[in-house]
Amino acid sequence: MQNVRKGEELNEKTIKTFLQEERLIDSNQSDWQVTQFNHGYSNLTYLLQIEDKEYVLRRPPFGAIKRGHDMGREFKVQSGIYSVFSKVPKMYAFTDDEHIIGCPFYIMEKVNGIILNLHEAKKRNIPANDYKTIANSWLDTFVELHTVDYRAVGLEDLGKPEGYVERQVLNWGKQYLKAVTQEVAAAQKVMRWMEDNQPAEYRYSLVHNDFKYDNVVFKDDSWNDVVAVLDWEMATLGDPLMDLGTSLGYWTMASDHSFVQQGIPSPTIIEGNPGRSEIVERYTQKSGREVNHLVFYYVFGLFKIAVIAQQIYYRYSKGLTTDPRFAQLDKAAELLCNLALQAIQKNKID
């Protein structure tokens with residue numbers, strides 16, 4: 001947590017009035033304290049403390065395109081699956097009335113627990129053996145998410161699973177080209193390779209599209225229980241192995257180059273974590289799904305993360321955000337494209 005970054009302040013008067021109208025507080029004159037979560041790179045997340053209550057507010061980043069930061073979508077998905085997949089925060093209110101803070105936003109519960117980013121992991125000095133439990137709990141939750149009956153909870157209109165892989169390859173390529181700030185030869189080669197090597201047949205499920213350690217909340221340091229999955233902005237219906245590929249892209253290892261570890265900081269580099277290939281084996285065992293076209297899924301995951309980094313850097317380069325963490329994301333995007341090309345050339349993910 002940190003104080004609210006300059007330029008990312010909330011409108012106290014209009015939000016308090018909204019909270020009162022939604023019966024979340026008694027008076028819009030009550031004192032409040034606002035802090036900002038600092039571990040995310042995309043949507044902005046705030047903790048509101050008022051009348052002995054704690055609420056979390058989520059809004060898009062400044063200068064972002066609406067298509068990629070759909071607050072209504074996040075709210076709908078989490079509200080919908082809450083009855084069958086309880087590992088989501090409780091949703092309280094959503095509005096697309098831009099007169100309140102200038103953009104759509106929603107209010108949800110504050111989930112208590114441990115968010116395991118690299119800083120938190122190092123601070124806790126977690127024993128190597130514990131990472132077996134951490135990875136297992138994380139993976140069990142991932143598999144459980146992919147078994148959600150999205151039709152039973154009214155989410156069959158969330159996406160169009162038919163043709164999902166082809167659209168993803170095409171759309172992420174287009175998004176990269178719109179955000180590019182310098183020529184990266186590896187990116188062009190990777191895009192062409194994915195077009196030519198994508199699977200034609202695949203299963204459908206609900207997919208999260210950003211499932212990694214720091215997007216889940218562990219109940220406590222026994223690491224046996226994940227109480228919430230966060231950041232559902234890219235959730236849709238599609239190939240669950242595309243979801244796995246993105247997670248593998250974030251799964252940096254101690255054997256990766258130091259620049260890779262710096263570019264994708266993750267607790268997965270710490271001793272005791274399984275490697276990427278082992279994660280795939282465990283996912284296969286737990287889900288009963290065969291993971292064919294593994295290199296394609298991993299390459300897609302790396303490229304998608306590269307595009308996200310490049311989009312954020314593009315906003316930073318245009319002065320639409322001033323967060324200093326974004327200053328080197330163009331280098332991170334280039335690195336990820338080169339890693340994807342290496343995986344293609346070596347035909348392996350480790």
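Return one number: the angle in degrees, 0 to 90 and rounded to the nearest 10, between the long axis of the Cα atoms of helix 240-250 and the longest principal axis of the Cα atoms of the chain.
90
Which is the longest stretch in the chain that no exposed loop site breaks, taking sites as GluC sites (Glu not before Pro) with a DSSP loop state and at most 15 other Cβ atoms within 10 Å?
The reported range is 202-270.
With θ set to phi - 60°, apply the Karplus curve 6.51 cos²θ - 1.76 cosθ + 1.60 along the range 96-112 and write out the HN-Hα couplings as whole Hz, x wherever there is a Gly or Pro.
Result, ordered by residue: 10, 6, 6, 6, 7, 10, x, 6, x, 7, 9, 10, 9, 6, 8, 8, 8 Hz.
What is the chain's relative contact order, in percent, from Cα pairs under 8 angstrom and six or more apart in sequence?
Once divided by the residue count of the chain, the mean separation gives 17 percent.
Please determine, in degrees from 0 to 90 and to the nearest 10, the orientation of helix 12-21 with respect to the longest principal axis defined by the Cα atoms of the chain, where the helix direction is its Cα long axis.
80
Which whole-Hz ³J(HN,Hα) couplings does the range 74-86 yield from phi under the Karplus relation 6.51 cos²θ - 1.76 cosθ + 1.60, θ = phi - 60°, glycine and proline marked x?
4, 5, 5, 4, 5, 5, x, 8, 4, 6, 10, 9, 6
Can you pull the Kirkwood radius for the chain, inverse mean 1/r over Cα pairs, to one decimal in Å?
Evaluated over the chain, this radius sits at 21.0 Å.
Between Arg151 and Asn38, how many nm apart are label points set 7 Å from Cα along the C-beta direction?
Result for the modelled spin labels: 4.8 nm.
Specify the residue with the greatest mean-square fluctuation among Asp52, Asp225, Asp256, computed from a Gaussian network of the chain linking alpha-carbon atoms under 10 Å apart.
Asp52
Report the Cα centroid-to-centroid distance between the range 303-350 and the range 160-236 in angstrom, as an integer.
After rounding, the separation between the Cα centres reads 14 Å.
So what is the 222 nm mean residue ellipticity for the chain from helices alone, if each DSSP H run of at least 4 adds -39500 (n - 2.57) and you divide by all residues, rounding to the nearest 500 deg cm²/dmol?
-13000 deg cm²/dmol
Hey, if you put +1 on the Cβ of every Lys and Arg and -1 on every Asp and Glu Cβ in the chain, which of Ile50, Ile349, Thr141 ends up farthest toward the positive end of that dipole?
Highest projection toward the positive end goes to Ile349.
If you line up the long axis of helix 130-146 against the longest principal axis of the chain, both from Cα atoms, how many degrees apart are they, to the nearest 10?
It works out to around 80 degrees.
By the gyration tensor of its Cα atoms, with a ≥ b ≥ c the square roots of the eigenvalues, what is the shape of the range 129-260: rounded for a/c under 1.5, prolate for a/b over b/c, or oblate?
Note, shape of the range 129-260 comes out oblate.
Can you classify the range 126-182 as rounded, prolate or oblate using the Cα gyration tensor, where a ≥ b ≥ c are the square roots of its eigenvalues, rounded means a/c under 1.5, and otherwise it's prolate if a/b beats b/c and oblate if not?
Oblate is the answer for the range 126-182, as a/c is 1.5 or above yet b/c matches or exceeds a/b.
First check a/c for the range 198-322, with a ≥ b ≥ c the square roots of the eigenvalues of its C-alpha gyration tensor; if it is under 1.5, answer rounded, and if not, answer prolate when a/b is larger than b/c or oblate otherwise.
rounded
Ignoring ligands, DNA and RNA, what accessible area per residue does the range 47-163 give at 1.4 Å, in Å²?
Solvent-accessible surface per residue comes out at 47 Å².
Distance between Cα centroids, the range 4-20 to the range 51-128: provide it in whole Å.
Cα centroid of the range 4-20 versus Cα centroid of the range 51-128: 16 Å apart.
The values are calculated or read from the model by the stated rules, or taken from the named source; none is laboratory data. Please read all numbers here as calculations on a predicted model, not as lab measurements. Don't worry about glycine lacking a Cβ; one is built from the backbone with ideal geometry, like all the others, and counts go over all protein chains shown. Note: accessible area is taken over every heavy atom of the protein model, side chains too, but ligands, DNA and RNA are not part of it. Shrake-Rupley method; radii C 1.70, N 1.55, O 1.52, S 1.80 Å.
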